[in-house]
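For reference, the structure discussed in these notes is given below.
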Amino acid sequence: MTHWIEKQRYIIDFTLSSLLRRKVKNFGLLALYTLIVFILASTMFFTYAIKKEAALILNGAPEIVVQKIVAGRHDLFPLAYVETIKNIRGVASVESRLWGYYYDSLVSANYTLLTPPGNDAAKPSAKTTVVENDSGGEAVKPLFELNGAKLEPGTLIIGNGIARLRAIGKDDYMPFRAFDGKVLNFRIAGVLSSQSELVSSDLMLITGEDFRKLFGIDNSHVTDLTVVVNNPSEVAMVASKIKKHLPDARPIIRDEILRTYDSIFNWRGGMMIVIFSAAVLAFVIFAWDKASGLSAGERREIGILKAVGWETSDVIQMKFWEGAMISLTAFFTGVILAYIHVFFTGSIVFEPALKGWSSLYPNFELTPFVNLEQLTTLFFLTVVPYTVATIVPIWRAATIDPDSAMRFTGE
Amino acid sequence: MIELMNVRKVFNAGNPSEFSALNSVNLHIAENQVTVLKGPSGSGKTTLLSIVGCMSRPSAGRVNLQGREITSLPERFLTDIRRKTFGFIFQQPNLIKGISVLENVMLPAYPLGEKRSQLKIKAMKGLSELNIANKAASKVEWLSGGEAQRASIVRALINDPHIIIADEPTAHLDSKLSYRFMEIIEKFKAEGKTVIITSHDPLVYESSMVDRVVNLRDGQIER
Ligand SMILES: Nc1ncnc2c1ncn2[C@@H]1O[C@H](COP(=O)(O)OP(=O)(O)OP(=O)(O)O)[C@@H](O)[C@H]1O
Ligand SMILES: [Mg+2]
């Protein structure tokens, strides 16, 4: 046993000095390898974290949203329906919502305008729930935060993305062209905190009164309703009852919203998948190149080692240590760099690629989220194939006869 | 001690380039003697040496080493025998570049897993016996031809082999160093080792310490 350990020590020592002998080559190899691991790990961390973020935010989304449908399209919702829904058994409360989009031709960006709960004068139930939503024990990020700024008629609270894009801030004025062509000037009452920028970047909070003025919506209509159900297991049942009582209403349950959002985030992550697969491809080519190459110098050395009494298995062990050392170093360096990149520098390397997606690119400060599964996946994608790839050519080296050492001529 | 019976070696069998390097060679090499294999270039000296030293297998025939049939042994056992029984001195020093002389010399002992401190003492002793202890830490590419040759001799002896095999050891040495080499051979003999050398250098085969000269021609032993 002690012999075996001593032998491994010798082999590792020799491997180390072998690696140092080809400093330039191995350093280049290590750098390339680290880069690939870095890209793979960055994309993986990014996509996972963004999904996690989205899930956290959406957990706080309403259980049921009810829309009115006209000719298959989303239409304004008559407030008269509210009472009907409230009377359905199992419904705890009903909230009306006002929201929509405004296209700003100046910066060619779409803003999402939203009236926060309790800010619509026309609302039948003046229930003033806080924005913070406490569902379950899980930490749920609020959809937006008012940051202490007070929203009153004639003012707006805007998302960070808009503030950056328009280079405006608190107490600046922002002109809007209303549905009838009139120009409305709003004062910025505050900027949303950057906590949940993923969702709030393009968000604009506006009072119900102003919203109706801007889009020409009368007091008897809202955009849609949110319904809170007493018993979560009754969500589907309540939804079908709504559908029965109000045939032109469309109840959408949260799971469906989650799925929709999921596909949006997946799409955003799609960019990442492209980068990811490119990196995997690069890695495969790189590993293959490594696998097929055994330089004349290496062959010669293996011949000498075998001639002086090394077994094929000793040579394979040496190559195994070589592959393991390079790949583990690259793996840990790459993963640590990627962690810093994604969670501390806001994916600075990917930013240009992601920015093309929207002019309102959120400045992510993703919550560090890495699990064992990600690391294992990465490990099996990089370290394992590489180590195998370094051993493979050695099987061919096994065919190098030890007596070839007797026939080497010249140095 | 070593017995070859009807040994044949055919290269590239079945190809148009098929070449028979050894033809029914029968040879007995006695213990504690210096045997020289002599013959023109291409006569099969190196081929014969590699078969004797368990580096390659004959295409036909049998090889007995210390009464044991070795031709049919699996590679692992051959390697083990090679490592423990033979010390090889090649025509070229065949040292591994980029690592120190000391490491090169210790290389054959690595798979045995001996304690490093003991191994180092042994290696240093070997190096000082051949007057190159002062080069232990040097890289091999800095050595002169003769120093490299001596380093490779120390390497051949590190596992304390019974049989020393040297292929054209003096081919790259001047006559002074060649004499020096023969003195080393004499020492081996005095230590009870068996030595097999190939050479076409008269300085070697005419030397007084050589017990037997075997002439090879076209893969056959001349009588
Ligand atoms: N792997 C091989 N494949 C084909 N032919 C080979 C191979 N190895 C050796 N030979 C041939 O076998 C013959 C004997 O070679 P060997 O090296 O034993 O000669 P040698 O007596 O040592 O010659 P020298 O004195 O030049 O070293 C040569 O003609 C050589 O070309
Ligand atoms: Mg030869």
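The values are calculated or read from the model by the stated rules, or taken from the named source; none is laboratory data. Since the structure is predicted, the reported quantities are computational estimates derived from the model, not experimental observations. Cβ coordinates were reconstructed from backbone atoms using ideal geometry, including for glycine residues, and neighbour counts include every protein chain displayed.
With more than 20 Å from B:Ile164 (Cα to Cα) and within 14 Å of another protein chain (Cβ to nearest Cβ) as the only criterion, which of B:Arg83, B:Arg76 stands out? It would help to see each step written out before you state the result.
Numbers: B:Arg83 fails: more than 20 Å from B:Ile164 (Cα to Cα).
After ruling out the rest, the residue left standing is B:Arg76.
Mind telling me which of the residues A:Thr367, A:Thr387, A:Thr376 ends up being at pLDDT 70 or above and either in contact with a Phe, Trp or Tyr (Cβ under 9 Å, 6 or more places away or on another chain) or in a loop (DSSP other than H, G, I, E, B) (or both)?
From the options A:Thr367, A:Thr387, A:Thr376, the qualifying one is A:Thr387.
Does segment B:171-178 contain at least one residue that is within 16 Å of ligand 2 (Cβ to nearest atom) and either among the charged types (D, E, K, R) or within 13 Å of chain A (Cβ to nearest Cβ) (or both)?
The answer is yes; a qualifying residue exists.
Identify the residue in segment B:35-62 that is within 13 Å of ligand 2 (Cβ to nearest atom) and on the phi > 0 side of the Ramachandran plot and, among all such residues, is surrounded by the most Cβ atoms within 10 Å (Cβ to Cβ).
Checking each candidate, the answer is B:Gly44.
Taking the residues in segment B:179-210 that are touching a Leu at 6+ places or on another chain (Cβ under 9 Å) and β-branched (Val, Ile, Thr) as candidates, determine which candidate is farthest from ligand 2 (Cβ to nearest atom).
Restricting to residues being touching a Leu at 6+ places or on another chain (Cβ under 9 Å) and β-branched (Val, Ile, Thr), the top hit is B:Ile184.
Pairs only if they're at least six apart or on different chains, beta carbon under 8 angstrom, first in segment B:161-185 and touching a residue at least 12 places away in the same chain (Cβ under 8 Å), second within 16 Å of ligand 1 (Cβ to nearest atom) and acidic (Asp, Glu); list them, first residue then second.
B:Glu168/B:Asp201; B:Thr170/B:Asp201; B:Ala171/B:Asp201; B:Ser178/B:Asp201
What number of residues within segment B:115-153 are more than 12 Å from chain A (Cβ to nearest Cβ) and part of a helix (DSSP H, G or I)?
19
In segment A:1-19, what count of residues is obtained for those that are in a helix (DSSP H, G or I) and more than 7 Å from every other protein chain (Cβ to nearest Cβ)?
Summing the residues that are in a helix (DSSP H, G or I) and more than 7 Å from every other protein chain (Cβ to nearest Cβ) in segment A:1-19 gives 10.
Of the conditions (1) within 13 Å of ligand 1 (Cβ to nearest atom); (2) outside any loop (DSSP other than H, G, I, E, B); (3) closer than 23 Å to B:Ala148 by Cα; (4) touching a residue at least 12 places away in the same chain (Cβ under 8 Å), B:Ser50 satisfies every one except a single condition; which number is it?
Of the numbered conditions (1) within 13 Å of ligand 1 (Cβ to nearest atom); (2) outside any loop (DSSP other than H, G, I, E, B); (3) closer than 23 Å to B:Ala148 by Cα; (4) touching a residue at least 12 places away in the same chain (Cβ under 8 Å), the odd one out for B:Ser50 is (4).
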